[in-house]
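Working notes, structure below.
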Amino acid sequence: MLDLIDRAMCSLQAALFGREVYSREHPAVAGHMECAHDLLTKAFHQIEQVTILGFEDRVVFKNDKLPSSSTLAEGLFRRLHHCGVEAVSFRRGLGCDEIRAMLDQLEDATKQPQKINGSAHIRFGWIGGTEPRGAAGEALPFKSAGNPRRQAGVLQHVWRDIRTGKPGQGELMTLVADICTSVSLSRGITIPLASLKTHDEYTFVHTINVALLSTSLAEEVGMRGDALLDLTVSAVLHDIGKRMIPKSVLNKAGKLTDDEWKLVQRHPEDGARLLFGAPDIPAVAPIVAFEHHMYPDGGYPRVAAGWKMHLASRIVQVADVFDAMRTDRPYRKGMSLQEALEILQKDAGTRYEHALLDAFTRRVAGNTQRELPEAASDITSIRTA
Ligand SMILES: [Fe+2]
Ligand SMILES: [Fe+2]
């Protein structure tokens, strides 16, 4: 039963976030909504009413934490909280139109916080046992990321605030929930990736694309639950050490000098240092930051022979190199999908594991959909830092 309810809530969340990535009418959105309805209808064969409680950090059904509790707490239930709702009950007889009406209201509430109304078979429980206090505008506006370009904008704040753990933390988890939902919604269809509009935004757009690709690859190789969530957080933060590199070096059009290249090569260590011990950051995040440019045959930083890279780092690495090759940079034009995959394949079994590359090639890379690229720039060299 717990798994059934969990899947129903995840489908509801996917339908809600999918409306922003695509549109209310998109078939994938309708599919997720129907799926949620079907799963809840199955549950109604055994119980009359399904009541789910959403706390700040967890989502529970009958005192049991749902398997996707963290993702739901930062996604669907965070939205409900913004409307003053902490419990939602679905009753036998629930119709798809009632779910749609609930999602409509939740979506509208992202623009202007407002009271949300129940229906014949959906009931809400309010924080503190009462309905939202006074004017709808009292609640903080919910800033959803929703698409890769906006997600990249949110990421800039997260990077800025990561050490304090204050404003950035909520944004980080909302961003991660959005990425996980975008990926789950895109399963079997397309992963929406952003292309650069200006070279200045490279780091943030690239990072969000890496997070989308890494999450998708991790899911493909069987990662689930909190491990998947931690992987997504780690991917979002893998290049945070670049915060210490001057923009003039990061966006330099020509070849880097030796000193500049040394500066760039410090970002894995700087990133690990920034993340290590930062509040509420999963333990794997500094590891991924530290290891994502390492290879068994070199890379950086240099480590002792026999070093075993974490699976999360190896996943992020494949996504990182792929996105770097596909993107236009001041010093070269982005490669075609085919070219990028061929280059990765050359290092199959040495730099990258066969199983990871196969999963990436088969199920992830070909399902990406990019915005139209900006005007091409000259090709001079390849750099994937
Ligand atoms: Fe990167
Ligand atoms: Fe990097």
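Any read-out appearing in this document is the output of simple, stated calculations on the displayed coordinates, not a laboratory observation. Please read these numbers as outputs of a predicted model, since none were measured by experiment.
Numbers at a glance
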quantity: Shape call, region 322-370: gyration tensor on alpha carbons, a/c limit 1.5; calculated: oblate
quantity: Gained length - A283 relative to S89, 0.36 nm times residue gap less alpha-carbon distance; calculated: 66.3 nm
quantity: Global form of region 2-138, assessed from the alpha-carbon gyration tensor, a/c cut-off 1.5; calculated: rounded
quantity: Rounded to whole Hz, the Karplus (6.51, -1.76, 1.60) HN-Hα couplings of region 91-98, x for glycine and proline; calculated: 10, 3, x, 3, x, 4, 5, 6
quantity: Under 5 Å, built H, 5+ apart or other chain: amide partners of V85; calculated: I127
quantity: Tensor-based shape of region 59-123 (alpha-carbon gyration tensor, a/c under 1.5 rounded, otherwise prolate or oblate); calculated: oblate
quantity: Under 5 Å, built H, 5+ apart or other chain: amide partners of I191; calculated: T368, Q369
